[in-house]
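Nothing in this text is a laboratory measurement; each read-out follows from the coordinates by a stated rule. From a predicted model like this one, the values you see are computed outputs, not experimental measurements. As a convention, Cβ positions derive from the backbone with ideal geometry for all residues, glycine included, and neighbour counts pool all protein chains shown.
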Amino acid sequence: MNKCYMHDLTWQEFNEKKNGVIILPVGSTEQHSFHLPLSTDSTIAEKISEKLADRINGVIMPTLVYGYKSKPLSGGGPLFPGTIDLNGETLIRLAYDILEELCRDGVKKIFVNNAHFENEAFLLEAIDLVSRKYPDVKILESNWWDVLSQDIIDKVFDEIPFPGWALEHAAVTETSLMMYLAPGSVRTDLLPEEKGVTPIPYHKYPIVKGMVPDSGALASAKGSSAKKGKLITDAAVDEFVKIIRENFGE
């Protein structure tokens, strides 16, 4: 039993902790090439949330393991079996209902920890709608990549150039994070040899085979390591703590 997880608490124990920060991890169930599991985004969101909760004595809600559909050049889209996508309206309503229930329970401080690139606009829509109804509740949303400094990015991409966050799917950062946070789930012998795709300044639908490499990877994972995963995790958690203290006064 882990008392930082909401699902391990009784309702009375949760009621005693509700005045602290409640963390909602959000990920996806999506292909992450040959070497990473479908749960990659959700695992990263949950494991980083666990380290954050330890720092701020927060409570972690059950992770949302389904997310919005990826565009072909930021995750692969629906071309791979096992990818389970939500429509935008569905994700908005799901996040809205969860956040509203917390507000009804008297929670005043919520941190949404998103680890799936395409979720953000829909999560922010839900947060905005909830905030209009419950203006006394403070809700923050962030992700691990936006809070990384250039210095950290340079240290992570010491062997290959940084391809940009949209193409960093199943590549160096996510592979390194999983090597550190969930090492048993990484198939290191199956890292793809893809050198990456070329970004294009438009989107094309319907999505057809060939728009994404057969491996599902959009950039190289060369140089991934648990050491880099720890570097990213520690930096992200440090920044989350700063954001929370600045806004919640923790």
Whole angstrom only: what separates the Cα centroid of region 4-50 from the Cα centroid of region 184-210? 26 Å
Does anyone have the angle between helix 40-56 and the longest principal axis of the chain? Alpha-carbon axes, 0 to 90°, nearest 10? 40 degrees
Cα-projected label distance for ASP54 with PHE34, points at 7 Å along beta-carbon direction, nm: 3.4 nm
Over all pairs of different Cα atoms in the chain, the reciprocal of the mean inverse distance gives a Kirkwood radius in Å of 18.6 Å
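At 0.36 nm per residue, minus the direct Cα-Cα distance, what do SER185 and ASP136 gain on full extension? Give it in nm, one decimal, please.
Full-extension gain reported as 13.5 nm.
Helix-derived [θ] at 222 nm for the chain: sum -39500 (n - 2.57) over DSSP H runs of at least 4, divide by residue count, nearest 500?
Values: 7 runs with 95 residues, N = 250.
Mean residue ellipticity at 222 nm (helix-derived): -12000 deg cm²/dmol.
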Top mean-square fluctuation among SER42, SER70, SER185, Gaussian network model of the chain, C-alpha springs under 10 Å? SER185
In region 143-243, what is the count of Lys pairs whose alpha carbons are under 19 Å apart, counting only pairs at least 8 residues apart or on separate chains? 8
If a paramagnetic tag sat 7 Å from the Cα of ILE243 along the Cα-Cβ line, which residues of region 148-183 would have the backbone N under 16 Å from that point? 148-150
In degrees, nearest 10, range 0 to 90: what is the angle between the Cα axis of helix 172-181 and the longest Cα principal axis of the chain? 50 degrees
Between ASP128 and GLU193, how many nm apart are label points set 7 Å from Cα along the C-beta direction? 4.7 nm
If one compares the long axis through the Cα atoms of helix 226-248 with the longest principal axis of the Cα atoms of the chain, the angle in degrees, nearest 10, works out at 30 degrees
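Compute the length gained on full extension between ASP234 and ALA166: take 0.36 nm times their separation in residues and subtract their Cα-Cα distance, giving the result in nm to one decimal. All intermediate terms of the calculation are to be shown ahead of the outcome.
Numbers: separation 68, 0.36 × 68 = 24.48 nm, distance 2.20 nm.
That pair, ASP234 and ALA166, stretches by 22.3 nm at full extension.
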Within a Gaussian network of the chain (alpha carbon springs, distance under 10 Å), most fluctuating of THR40, THR198, THR90: THR198
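Would you mind working out the magnitude of the charge dipole of the chain relative to its Cα centre, with +1 at each Lys and Arg C-beta and -1 at each Asp and Glu C-beta, to the nearest 20 Debye? Walk me through the numbers before you get to the answer.
Numbers: 26 positive and 36 negative charges, 14 e Å.
Charge dipole, the chain, about its Cα centre: 60 debye, nearest 20.
Which order, highest average first, do 156-168, 211-223 follow once you tally other Cβ atoms within 10 Å for each residue and take the mean per peptide?
Those peptides, ordered most packed to least, come out 211-223, 156-168.
Can you give the FRET efficiency to the nearest 0.05 for GLN12 and ARG104, using r as the Cβ-Cβ distance and R₀ = 25 Å?
On the way: r = 17 Å, r/R0 = 0.68.
Working from the Cβ atoms, E equals 0.90.
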For a paramagnetic label modelled at 7 Å from the Cα of ASP146 toward its Cβ, which residues of region 219-250 fall within the zone defined by backbone nitrogen distances under 18 Å? 233, 235-248
